[in-house]
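Enquirer: First the structure, then my questions, so here it is.
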Amino acid sequence: IFQLTLNHHCMKVICLKVLLLRSGSQIPSSIPDLSVCRIYKKMAKTLSKYTPEQQRNLKLAPFAVFDAVAGADGVIETRERQDFINYIKNYNSKEHVLTQAIVDSINSDPTELMKMLSESTQAHNNIYHLWSTLEKEWENTEIKDFREDLFNLGVMLTGDFPTMGSSETMALAGLAILLETDIENHPSKEDRLSDVHSLLMEIEMEYRTS
């Protein structure tokens, strides 16, 4: 249904532009550029590989990360909320096609971002459901890229302070476990993520000796 609606919308845009051009009229800026249609078609094709439940969990995942990290200390600051909104609105990657399709899907409805932002709760539970519904696809390249983006989103939300608080460290460690992030090879392992890395090493040691 989504694909049919999308094609119908793009067809209307094309026909309207042809009509305006033939009549010698200027094309109003309110009529979207055809590149927007191409973006939406690519987005629909990428997401159509997944079930409705999987798509829902994929779209919820960035909001779950926001809730886990920004809300780790019990207070979501204005700066954290704005950083997240900017991330969603400005994300641009030709390589990570799934992440791009998801943010394009969220951005396609002006009210979607704020609606989902206000409903983001049970963060780690939502990330767990992401894994449980995508277990068979977990190691696919585009899912691995998406998982990488989710963890890096969490890192970005901690800000650029020299050190991060214990609650944020715990939140990122939880995300690393759920997303199976390779902290050992992360570029920030020795500085920004040093406390997260140490905590994960302690958890692994405790697990091995239990």
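Enquirer: Looking only at the stretch 176-184, decide whether some residue is within 25 Å of residue 77 (Cα to Cα) and touching a His at 6+ places or on another chain (Cβ under 7 Å).
Expert: yes
Enquirer: Okay, next question. Which pairs turn up if I take residues in the stretch 129-156 that are open to solvent by 70 Å² or more (accessible area, probe 1.4 Å) and look for partners that are in a helix (DSSP H, G or I) with beta carbon separation below 6 Å, at least 6 apart in sequence or on another chain?
Expert: 129/57
Enquirer: Here are some conditions: (1) within 16 Å of residue 56 (Cα to Cα); (2) modelled with pLDDT of 90 or more. Residue 148 meets all but one. Which one does it not meet?
Expert: (1)
Enquirer: A follow-up question, please. Working only within the stretch 173-200, note down all residues that are free of Cβ contacts under 8 Å to residues at least 12 places away in the same chain and either surrounded by 20 or more Cβ atoms within 10 Å (Cβ to Cβ) or over 19 Å from residue 147 (Cβ atoms) (or both).
Expert: 190, 191, 194, 198
Enquirer: Given the structure, is residue 190 modelled with pLDDT of 85 or more and more than 30 Å from residue 46 (Cα to Cα)? Write out each step before concluding.
Expert: Values: modelled with pLDDT of 85 or more: yes; more than 30 Å from residue 46 (Cα to Cα): yes.
When the stated conditions are applied, residue 190 passes them.
Enquirer: Kindly indicate whether residue 106 is open to solvent by 50 Å² or more (accessible area, probe 1.4 Å) and part of a helix (DSSP H, G or I).
Expert: So residue 106 does not fit the description; no.
Enquirer: With the condition kept exactly as written, say whether any residue in the stretch 102-125 is more than 17 Å from the chain's Cα centre (by Cα) and basic (Lys, Arg). Before you say what the answer is, go through the steps one by one.
Expert: Let us first name the residues in the stretch 102-125 that are more than 17 Å from the chain's Cα centre (by Cα), namely none.
Checked the stretch 102-125: no residue is more than 17 Å from the chain's Cα centre (by Cα) and basic (Lys, Arg).
Enquirer: Could we say that residue 111 is more than 29 Å from residue 168 (Cα to Cα), modelled with pLDDT under 90 and of a type outside the set (A, V, I, L, M) here?
Expert: Considered against the rule, which asks whether it is more than 29 Å from residue 168 (Cα to Cα), modelled with pLDDT under 90 and of a type outside the set (A, V, I, L, M), residue 111 comes out as no.
Enquirer: Look through the stretch 47-74, keep the residues that are under 20 Å from residue 173 (Cβ atoms) and among the aliphatic types (A, V, I, L, M), and return whichever of them is surrounded by the most Cβ atoms within 10 Å (Cβ to Cβ).
Expert: This residue is 65.
Enquirer: Out of all the residues in the stretch 70-94, which are within 14 Å of the chain's Cα centre (by Cα) and either under 18 Å from residue 146 (Cα atoms) or assigned to a loop (DSSP other than H, G, I, E, B) (or both)?
Expert: Of everything in the stretch 70-94, those that are within 14 Å of the chain's Cα centre (by Cα) and either under 18 Å from residue 146 (Cα atoms) or assigned to a loop (DSSP other than H, G, I, E, B) (or both) turn out to be 84, 85, 86, 87, 88, 89, 90, 91, 92, 93.
Enquirer: When you check residue 203 against the structure, is it farther than 22 Å from residue 143 by Cβ, open to solvent by less than 80 Å² (accessible area, probe 1.4 Å) and of a type in the set (A, V, I, L, M, F, W, C), yes or no?
Expert: Details: farther than 22 Å from residue 143 by Cβ: yes; open to solvent by less than 80 Å² (accessible area, probe 1.4 Å): yes; of a type in the set (A, V, I, L, M, F, W, C): yes.
Spelling it out, residue 203 is indeed farther than 22 Å from residue 143 by Cβ, open to solvent by less than 80 Å² (accessible area, probe 1.4 Å) and of a type in the set (A, V, I, L, M, F, W, C).
Enquirer: Might you let me know whether the stretch 109-118 holds any residue that is more than 20 Å from residue 59 (Cβ to Cβ), of a type outside the set (D, E, K, R) and surrounded by fewer than 19 Cβ atoms within 10 Å (Cβ to Cβ)?
Expert: So the first thing to find is which residues in the stretch 109-118 are more than 20 Å from residue 59 (Cβ to Cβ), and the list is none.
No.
Enquirer: Among the residues of the stretch 80-91, is there at least one that is at pLDDT 90 or above and over 26 Å from residue 168 (Cβ atoms)?
Expert: So far as the stretch 80-91 goes, no, none of its residues is at pLDDT 90 or above and over 26 Å from residue 168 (Cβ atoms).
Enquirer: Additional query: Based on what the data block shows, is residue 151 aromatic (Phe, Trp, Tyr) and within 15 Å of the chain's Cα centre (by Cα)?
Expert: It is true that residue 151 is aromatic (Phe, Trp, Tyr) and within 15 Å of the chain's Cα centre (by Cα).
The values are calculated or read from the model by the stated rules, or taken from the named source; none is laboratory data. Here the structure is a predicted model, which is why all the values come from computation and not from measurement. When we count neighbours, we look across all protein chains shown, and the Cβ atoms used for this are built from the backbone with ideal geometry, even at glycine. Note: areas computed on protein heavy atoms with side chains; ligands, DNA, RNA excluded. Shrake-Rupley method; radii C 1.70, N 1.55, O 1.52, S 1.80 Å.
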